[in-house]
Amino acid sequence: MRFLQHPATEKDRSRFWRGWAAGVSLGILALVVGCQPRWTVERFSRWAGSQREAPVVVPPGVILEAPNDLIPGLRAPRHLLALSSGGLYGAYTAGVLDGWSRTGGRPEFDVVTGSSTGALIAPFAFLGSEYDALAMQLYTNVQSEDIYRIRAWVTIPFRDALATTAPLKRLIAEQIHQGLMEKIAAEHQKGRRLYVGTTDLRTKRAVIWDMGAIASLPCPEGCRLFRDVLLASASVPGVFPPVEFHWESAGQREKTLHIDGAVTAPLFMPPGVFAAIAIAQGPQFQPHPPPGAPNFYAIVAGKVYPEEGPVRRRILPVLSATTEAVLFAQMRSELANLYWQSRLAGVRYHMIALRQEADITARSSVSFNQTVMKQLYYEGLHDGWAGPRWRFIPPSLSPCDDYPSRTAHPRILMLNPRPNP
């Protein structure tokens with residue numbers, strides 16, 4: 001038979017022996033793998049499964065089933081704070097809060113809300129100025145590897161995200177401990193409220209979690225649920241994996257996947273909070289809230305308009321620019337929505353955002369560069385310490401946006417150019 005004939009030339013002999021060695025090696029490998037007892041594979045599967053914690057079953061009473069309803073136990077709100085999404089631009093938010101504290105005029109907030117990066121800052125803002133230093137540390141000393149790890153490229157088409165958030169999960173667990181939970185629970189009992197938003201992929205709607213109610217649950221279940229909600233709110237879809245929650249419904253257990261709260265609400269305040277204020281103040285409409293009226297504050301993690309620049313006529317650049325335009329427009333829309341809710345409830349409206357002319361540019365909202373984050377923090381610190389530098393109306397929503405770069409003489413559209421007395 002021809003394949004048993006001895007190779008005629010030196011080159012053929014060399015090729016023959018290399019092939020023979022490779023074949024023998026593969027045969028030995030197959031023999032070794034095939035002879036492994038079945039129980040070792042099963043044991044490994046059981047061990048791997050035991051390393052993954054089962055999601056906590058979500059108890060009743062920890063989400064706002066109807067955000068428009070009045071909120072039981074809420075004390076008369078005087079100061080409301082909404083923290084927006086924005087990824088690493090959350091460093092600006094941390095700076096504003098620190099600068100505001102240094103003025104001596106930062107109040108105790110009755111209601112604090114947060115989406116995405118705002119959700120990560122919200123517990124510290126809720127507990128007060130003593131946590132400013134910790135927020136600064138977290139937003140100026142972390143790097144991308146402290147937040148996520150990119151998965152092996154060959155596995156990504158079969159996974160739920162580009163990266164794993166195991167590092168962020170560990171970081172949250174280090175900060176959200178039983179002592180901090182007890183402090184939040186104590187403030188919840190006083191009638192203060194802390195809310196975090198996520199997006200339910202099953203319903204495609206926003207979910208508002210009552211974090212004070214969760215903090216009142218015993219640990220470890222309460223601590224795990226609190227941490228999972230924060231992780232879900234900051235899970236950028238496609239980049240970070242969704243977080244799974246389990247529910248009991250009619251004796252059956254259901255599971256849902258939750259992602260970044262910014263998908264459905266880049267910042268928010270439950271309408272029930274404004275309703276409570278309106279009822280307390282009476283039905284009379286106040287276009288200019290009087291002195292001593294309650295206050296609403298919105299801190300935007302970043303700018304309110306995207307940066308201008310040329311776009312290549314290719315699929316990815318066009319999609320990227322389009323998505324960026326949608327996200328910024330959604331933020332401005334929410335700011336306008338909260339403005340009119342504030343005015344209808346007789347609440348004084350305040351908002352602050354990174355200056356449009358600020359020369360700080362990040363490669364993306366999830367490129368956690370320490371140099372950029374420190375710049376953002378100190379920009380926020382300066383803006384917070386200088387007043388803070390509040391604006392008293394939302395960005396314009398007209399088709400032309402009244403954006404300065406589109407006009408020969410930049411001007412600012414202001415419905416109410418001066419702060420309310």
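The values are calculated or read from the model by the stated rules, or taken from the named source; none is laboratory data. Just so it is clear, the structure is predicted and the values come from calculations on it, not from any experiment. All Cβ positions, even for glycine, are placed from backbone atoms using ideal geometry, and neighbour counts span all protein chains on display. Ligands, DNA and RNA are excluded from the accessible area calculation, which covers all protein heavy atoms including side chains. Shrake-Rupley method; radii C 1.70, N 1.55, O 1.52, S 1.80 Å.
So the values come out like this:
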| item | result |
| --- | --- |
| Kirkwood hydrodynamic radius (C-alpha pairs) into Stokes-Einstein, the stretch 162-301, 20 °C and 1.002 mPa s, D in µm²/s | 125 µm²/s |
| Kirkwood hydrodynamic radius over Cα pairs of the stretch 45-183, then Stokes diffusion coefficient at 20 °C and 1.002 mPa s, in µm²/s | 120 µm²/s |
| Tensor-based shape of the stretch 85-139 (alpha-carbon gyration tensor, a/c under 1.5 rounded, otherwise prolate or oblate) | oblate |
| Exposure rank, largest accessible area first [Trp153, Trp385; 1.4 Å] | Trp153, Trp385 |
| Order by protection proxy (mean Cβ within 10 Å, highest first), peptides 315-323, 92-100, 133-141 | 92-100, 133-141, 315-323 |
| Interchain or long-range residues, amide H under 5 Å from His79's placed H | Asp110, Val111, Asn295 |
| Estimated inter-spin distance, Glu254 and Ala76, nm [label 7 Å along Cα→Cβ] | 4.0 nm |
| Ranked order, Asp146, Asp69 - accessible area, probe 1.4 Å, largest first | Asp69, Asp146 |
| Mean Cα-pair separation over length for the stretch 81-229, i.e. relative contact order, pairs under 8 Å, 6 or more apart, % | 22 percent |
| Within the accessible area of the stretch 247-339 (1.4 Å probe), percent carbon and sulfur | 60 percent |
| Accessible area (Å², per residue) of the stretch 154-281, counting only protein heavy atoms and a probe of 1.4 Å | 42 Å² |
| Value of relative contact order over the stretch 237-389, rounded to a whole percent, pairs C-alpha under 8 Å and six or more apart | 26 percent |
| Value of relative contact order over the stretch 173-320, rounded to a whole percent, pairs C-alpha under 8 Å and six or more apart | 19 percent |
| Proximal charge balance of Thr140 [Cβ under 14 Å; K/R count +1, D/E count -1] | -3 |
